[in-house]
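The values are calculated or read from the model by the stated rules, or taken from the named source; none is laboratory data. Just so you know, these numbers come straight off a predicted model, no measurement behind them. Please note: Cβ atoms are built from the backbone with ideal geometry, for glycine as well, and neighbour counts cover all protein chains shown.
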């Protein structure tokens, strides 16, 4: 068999069959089948190998922040061993428990191994009817081989890609593959040249369904060689990028790693220089303090808190019908600056609806959408216009092979365009009139018409015809006017065609309806009966936009998010829907796949920046568009429901699959599933994602500024030990303001509760009134680092001042006491300064007293932290563990009073910043006037 370079759609069917040495009258022989199966394999898609559990577990530890914790744990263990391995290595155990807890959370909450290719395999029809050894037989679709003769009829799922040999009224629904909402009419004459997938009318494809007619076809491709297989191949080779949050946390982790090493070296060096270290125990103590500083600088609870906050966000979104499959996708969606959406089933209902009727007397609009017959003629039409419209609907509903059924909800069987007549008839007329069908002249792509003959309830034989308006008009001699028929003039024909062109330009699919009386119902039906017809009128049918999608798109645009439509449908239809929904202005152009293929890389880049409607595009085009948007720094959310959307969903920063109409492929490829297929749910999820991102910034600000306060307290306490009285009271021990166990207590116990509570803080203002954040900008920007440093300095100052107040020989000694008591007061001051900082961190601009009690979880965590601190100070066994002593009421008052300076200093700072912003805004408005 010679190598074929021309696509089968462009070659005669018999020639294609000859390539496989198959007799189209008898099919393949058993011997041929065995050879072909050996050559091509089974008709199955390649499945992705499962990810072993050990790799899933290992992946949970592949994080820079976790690496830092491992290093800190190792140093702590070495210090413990050098010190004599007395007791349990508490520091190392606590860090290990945090790392393990974080891994468990990640393993439970993160999505399982992607099964997108496996889901593609499950789409294949279970069985196919084929002609083999001269007989019809039903086989498993997986057993099909190239050269098999497929026998197709209404309701069949196509089991492989095949070139049509014969087709009678054959229409195939290919929406899941091409995005085309209208069923594709098939024919057998070879195409004159290459055509996009949706226009290959001589081919049927694996994974599509026959909605009308019958046909036979020779299988040309199976398994991974099919069009669905090509998509599966792209899906395998498409890699999902890291989320912006993951990338940012990695940057922060690396920065903290450098900071930890620098601070630890400086502090340990200073301790060796300022203290006369002459034995191993003191060296070990210095090393242990270095470890405690590392622990203080690194927010150990950050990975676990981040996972928990994202998990809480995932559950909140699930309650709003947005099911997230990946924790970090929550934040990614909040950063989305583009929502690239499929049209059919996403922005539209995927339910063809008859919206308008044009007759001789005028145009009527029909309300209602979808297959539920709830609607009516709008306005107050004249009796004449209404009679003409009823004739159009009755003719179109009777010349029909679809069915409208009601089993709890309304649904159709057959071609959606034909079913639109049945729905509209129920809205306007009610039940179908009595009609006994006697015969049919089927639709073909050459004739572009179909007719049925039958007898009305009155006994009058009639022929009813519907088809392309321009074709139908050529077969009409008269036109219905009221209850009569008048001659069709050339001027009137031109007027009707102009109306048809107008409807087509508005994105409608148009169909004309005509009829004629027959002499008797028993006459043999032939195409020559379709002459001298009476033209009843023309209808406009479209897949209507979702009513809620327009408001959602308006909200998205107000939030700085660019909506884009990428569909396989007709460009005029796409442009009309895009304009109706507010994606583009009326008259905006839609670029097609062939248009994109002619563009240079520079022109393609410019087109993606400007054009928001793309039609007649292939999966490859969708991927190119997504890639180009991402190259520009956009965070792209891609929605879709069909097989053809899967690669783009996987490549996008956030893939959004439809839960009701979506295939299993898109559900597996996407990182989010809409349980209600509602575009508005995407926008609601964006709002939730933005609120979650704000909360992540809040607890990052809190954790890092608190950790900075701990580090600075120890650092400056060591450097200025002699001024604070530490050197004089430390005796033979090291002059340090806080002990390693105390730092660990603050960092692991006191910080974690408030940080987690901030993860569920109410939305701060209207997050949808600002533009998406620039993904190139750090989560922790220069301003935020400045605030973190400022708060750290205040915390260190008040904590060291508290120690100094109760040490003899200090700068401002008020009540001289032991070093243990002074450390306890300083320790408590640092704890309470961080609790006050929790109130500060809820907003970078607004006062802490605004919505002070809005977050009850924050207050609960603060109350718990206070209770634990009281226990550490006053419970005897905890005093031993953390080297504390009981404090007097005055000492408690001093600690809390000094700690509150953190709150008041930040309040003053925010007040100044708000005044500067307000003054700048007033000045800007004055200059504008």
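Worth a mention:
- Residue list for the range 814-860, filter: assigned to a loop (DSSP other than H, G, I, E, B) and buried (at least 16 other Cβ atoms within 10 Å of the Cβ): 817, 841, 842, 843, 844, 847, 848, 855
- Breaking point among (1) over 22 Å from residue 674 (Cβ atoms); (2) modelled with pLDDT of 90 or more; (3) in a loop (DSSP other than H, G, I, E, B), for residue 596: (3)
- Against the test of being in contact with a helix residue (DSSP H, G or I) (Cβ under 7 Å, 6 or more places away or on another chain) and closer than 21 Å to residue 707 by Cα, the options 812, 798, 767 yield a single qualifying residue, 798.
- From 423, 429, residue being under 40 Å from the mean Cα position of the chain (by Cα) and modelled with pLDDT of 85 or more: 423
- Meets criteria (under 24 Å from residue 382 (Cβ atoms) and free of Cβ contacts under 8 Å to residues at least 24 places away in the same chain) for residue 502: yes
- Neighbours by Cβ (under 9 Å, 6+ apart or cross-chain): first from the range 866-880, assigned by TED's automatic domain parsing to the domain that holds residue 751 and touching a residue at least 40 places away in the same chain (Cβ under 8 Å); second outside any helix (DSSP H, G or I) and exposed (fewer than 15 other Cβ atoms within 10 Å of the Cβ): 873/886
- Looking only at residues of the range 169-187 that are part of a loop (DSSP other than H, G, I, E, B) and touching a helix residue (DSSP H, G or I) at 6+ places or on another chain (Cβ under 9 Å), we find that the one that is surrounded by the most Cβ atoms within 10 Å (Cβ to Cβ) is 179.
- Just one of the listed residues (393, 404) is part of a strand (DSSP E or B), in contact (Cβ under 8 Å) with a residue 24 or more places away in the chain, under 26 Å from residue 437 (Cβ atoms) and assigned by TED's automatic domain parsing to the domain that holds residue 357, namely 404.
- For the range 33-53, residues that are surrounded by fewer than 13 Cβ atoms within 10 Å (Cβ to Cβ) and modelled with pLDDT under 75 total 5.
For every residue, the table says whether it meets (1) part of a helix (DSSP H, G or I); (2) at pLDDT 70 or above; (3) surrounded by fewer than 20 Cβ atoms within 10 Å (Cβ to Cβ); (4) not assigned by TED's automatic domain parsing to the domain that holds residue 695.
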position	(1), (2), (3), (4)
257	yes, no, yes, no
260	yes, no, no, no
266	yes, yes, yes, no
276	no, no, yes, no
281	yes, no, yes, no
291	yes, no, no, no
312	yes, yes, yes, yes
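- Among (1) within 34 Å of the chain's Cα centre (by Cα); (2) in the same structural domain as residue 900 (by TED's automatic domain parsing); (3) modelled with pLDDT of 80 or more - the single one residue 751 does not satisfy: (3)
- Single residue of 544, 601, 563 found to be loosely packed, with under 14 Cβ neighbours inside 10 Å and on the phi < 0 side of the Ramachandran plot: 601
- Members of the range 607-625 found to be more than 23 Å from residue 199 (Cβ to Cβ) and in a helix (DSSP H, G or I), listed by number: 608, 609, 610
- The single residue among 682, 673 that is surrounded by 24 or more Cβ atoms within 10 Å (Cβ to Cβ), over 18 Å from residue 829 (Cβ atoms) and either touching a helix residue (DSSP H, G or I) at 6+ places or on another chain (Cβ under 6 Å) or modelled with pLDDT of 75 or more (or both) turns out to be 682.
- Boolean, residue 190 is surrounded by fewer than 24 Cβ atoms within 10 Å (Cβ to Cβ) and either assigned by TED's automatic domain parsing to the domain that holds residue 43 or in a loop (DSSP other than H, G, I, E, B) (or both): yes
- Tally, over the range 340-369, of residues that are touching a strand residue (DSSP E or B) at 6+ places or on another chain (Cβ under 8 Å), at positive phi and either surrounded by fewer than 18 Cβ atoms within 10 Å (Cβ to Cβ) or without any contact (Cβ under 8 Å) to a residue 60 or more places away in the chain (or both): 1
- Exclusive hit being touching a helix residue (DSSP H, G or I) at 6+ places or on another chain (Cβ under 7 Å), outside the structural domain of residue 264 (by TED's automatic domain parsing) and at pLDDT below 85, set 77, 164, 65, 136: 65
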